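All remarks here apply to the structure that follows.
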Amino acid sequence: MMKYFTLVVLLFLFSCGNKEDIMLPKAATTIVKNVDDLSPIYIFFRTNGKDTLAEVNRKNSIISTNWILNIDKRLPMRLVIPEIMKLQKKKREEKAHKNEKAENYYSYADTIGKNLAFIPFTNVYYKMEKPIGTVIYINKKNEILIDNNIVKREDLKKYLLKLKDESKEVTFCFDKQMSYGSYLQNKIFIESLIPTKVNVERDEFVF
């Protein structure tokens, strides 16, 4: 089991004698603490001149295991999501070594418990397009918008409960220019509201 050692939050991968680092997102809570039978996948932050690139290393991944995605928090969602969609597609379409119990998780650092933590996303289907219906949109400033109106974070749970009473489904959408670090912090925040048993769509939109 990997451990979280410092608040600098650098995850090191030693490969071919070279040291690589990933700056993981941070949050003050643990969703899932332990994952066994895992394969780590890394998405590195790279630059080429003025361009930012997302570089995937999945050579140690095994289809039948739980996949842990370690993604640099500085990467924009517009680069991260296409790579995640490719990984999900490969695992979902595998037939020979498929394991129905194998999950996919994002890793992050719990700054309170000082441990590496995980949040599952196995059943999330990403789409890079604008959705229709009841939409909760989070922009790159981390503002929550519903029908183009900004909603306070502390009021979101109330809104979700109202939707539950009305038996409406809700779709979460994220700005494609948002950093992955901000996305994951928002996802953890949303997860803390899910015990309200709201009808949340499995699709997440990034546009």
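One table, with the values for the structure above:
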item	result
For the chain, calculated [θ]222 nm from helices alone, where every DSSP H run of n ≥ 4 adds -39500 (n - 2.57)	-6500 deg cm²/dmol
Sparse-neighbour loop sites [GluC sites (Glu not before Pro); region 120-207; at most 11 other C-beta within 10 Å; DSSP]	E129, E166
5 angstrom amide H check on T29, placed H, neighbours 5+ away	T111, I112
With Cα atoms, 0 to 90° folded angle of helix 180-191 axis to the chain main axis	50 degrees
For region 10-122: lysine pairs under 13 Å (alpha-carbon distance), excluding those fewer than 8 apart on one chain	6
Given 15 as the ceiling on other Cβ atoms within 10 Å, longest exposed-site-free region of the chain for trypsin sites (Lys or Arg not before Pro) in DSSP loops	4-32
Around F207: net Lys/Arg minus Asp/Glu count, Cβ-Cβ under 10 Å	+2
Translational D in µm²/s for the chain (Stokes-Einstein at 20 °C, 1.002 mPa s, Kirkwood Rh from C-alpha pairs)	119 µm²/s
For M77, net neighbour charge (Lys/Arg +1, Asp/Glu -1) across residues whose Cβ lies under 13 Å away	+3
18 Å Cα cut-off, lysine pairs counted over region 135-206 (separation 8 or more, or different chains)	19
0 to 90° range, to nearest 10: angle between helix 153-165 axis and the chain longest Cα axis	70 degrees
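No value in this document is a laboratory result; all are computed from the given coordinates. What you see is a predicted model; the values in this text were computed from it and never measured. Note that we place each Cβ from the backbone using ideal geometry, even for glycine, and neighbour counts take in every protein chain shown.
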